[in-house]
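Enquirer: Below are the structure tokens for one structure; questions will follow.
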Amino acid sequence: MKNLFFLFGFLFLIAACGPGKSALVKGVIVGKVQFVQDGYTRTLDRTDSKLELAPNMFSIMFPNNVYKPDGKFYAAQIAAFRDKKLLGNIKEGMAIKDISYFQSGTGLAGDNGQYEHMYLGDFQHHYIYFEEDGGAQRAQKVSEMPDGRYMLKWIVRSFYEDGVEIPFSMIGEEPIYVVVLIDANLNKVVDEDEYHTVQLTFN
């Protein structure tokens, strides 16, 4: 009887999560792209994740190598926009230069080298990386992984759209779509498991 009770409980949990929705997990899951808020982690599926967050600060965590100016430019490219159709602009096998919001020249300069906000726009992206030895720190180091990569964190404190800062209290119910691309092998092509798409809502 006890085993039957646990089975029904497990099936209920699966149904509650629903297709495309990420379950809440306490702590950080090493090696995965994830959104973290108030100590809870939501790990992304490769595509079409749907996350509902509270309207306050959150972090995007991801695994990557150290950014090296000798030509090994390891970085996470993160685009955020309102138009859902733009999610269709990225597909496995595409050259990164052919993706509208990741093309050369679409990277945002940031504020004093940092990103104080998540910028919303159709043809732009954040370029998030970590340098050792006092270099640029657009991401924070969380931990070192067994394979030598780091778990990195970018904190989102507010949004910025059409020249105006938008605090979380004013973000509204309209979804924000986010694409996270990490060209792990630096071949300038979108390979399997190198990108994630997510629909964010705040409630």
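Enquirer: How about the range 101-188: which GluC sites (Glu not before Pro) there lie in a loop by DSSP and see at most 12 other Cβ atoms within 10 Å? Don't jump to the answer; show the numbers that get you there.
Expert: Numbers: sites: 116, 131, 132, 144, 161, 165, 173; in loops: 116, 131, 132, 173.
Filter output for the range 101-188: 132, 173.
Enquirer: Return the FRET efficiency for the residue pair residue 40, residue 83: r is the Cβ-Cβ distance, R0 is 25 Å, and the value is rounded to the nearest 0.05. Show your work: numbers first, answer last.
Expert: Details: r = 29 Å, r/R0 = 1.14.
Approximately 0.30, to the nearest 0.05.
Enquirer: May I pose another question? Provide 40, 150 in ascending order of the number of other Cβ atoms located within 10 Å of each residue's Cβ, fewest first. Provide the component values of the computation, followed by the final result.
Expert: Values: 40 16, 150 20.
Listed from fewest to most nearby Cβ atoms, that is 40, 150.
Enquirer: Still on this structure: Mind listing the phi-derived Karplus ³J(HN,Hα) values for the range 65-79, rounded to whole Hz, using 6.51, -1.76 and 1.60 with θ = phi - 60°, and x for any glycine or proline?
Expert: 7, 6, 5, 10, x, 7, x, 9, 8, 6, 7, 9, 9, 10, 10
Enquirer: For Cα pairs less than 8 Å apart in space and 6+ apart in sequence, what is the mean separation divided by the residue count of the range 66-203, i.e. the relative contact order in percent? Mind dumping the intermediate values first?
Expert: Working: 254 pairs, mean separation 42.0, N = 138.
For the range 66-203, the relative contact order is 30 percent.
Enquirer: Next question. How about the range 43-101: which trypsin sites (Lys or Arg not before Pro) there are in a DSSP loop, with at most 12 other Cβ atoms within 10 Å of their Cβ? Could you put the intermediate results ahead of the total?
Expert: On the way: sites: 46, 50, 72, 82, 84, 85, 91, 97; in loops: 46, 82, 91.
Here the sparse-neighbourhood loop sites are 91.
Enquirer: OK, next. In nanometres, what is the gap between the two model label sites at residue 184 and residue 199, each 7 Å from Cα along Cα-to-Cβ?
Expert: Each label point lies 7 Å from its Cα, and together they span 2.7 nm.
Enquirer: Moving to a separate point now. If you take every residue apart from residue 187 with its C-beta less than 15 Å away from the C-beta of residue 187, what net charge results, scoring Lys and Arg +1 and Asp and Glu -1? Intermediate values should be presented prior to the final figure.
Expert: Details: positive: 72, 97, 188; negative: 92, 98, 183, 191, 192, 193, 194.
Net charge around residue 187: -4.
Enquirer: Please sort by residue number the trypsin sites (Lys or Arg not before Pro) in the range 134-190 whose DSSP state is loop and whose Cβ has at most 15 other Cβ atoms within 10 Å. Don't jump to the answer; show the numbers that get you there.
Expert: On the way: sites: 138, 141, 149, 153, 157, 188; in loops: 138, 149, 157, 188.
Listed in order of number, the matching sites are 157, 188.
Enquirer: Report the full-extension gain for the segment residue 133 to residue 114: residue separation times 0.36 nm, less the Cα-Cα distance, to one decimal in nm. List each step's numbers first, then the result.
Expert: On the way: separation 19, 0.36 × 19 = 6.84 nm, distance 1.70 nm.
The span from residue 133 to residue 114 would gain 5.1 nm if fully extended.
Enquirer: Another one. Quick check: from the Cα gyration tensor, does the range 19-202 come out rounded (a/c under 1.5), prolate or oblate? List each step's numbers first, then the result.
Expert: Values: a/c = 1.25, a/b = 1.16, b/c = 1.08.
In terms of gyration-tensor shape, rounded.
Laboratory data are not the source of any read-out in this text; all were calculated from the coordinates shown. This is a predicted model, so every value here is computed, not measured. As a convention, Cβ positions derive from the backbone with ideal geometry for all residues, glycine included, and neighbour counts pool all protein chains shown.
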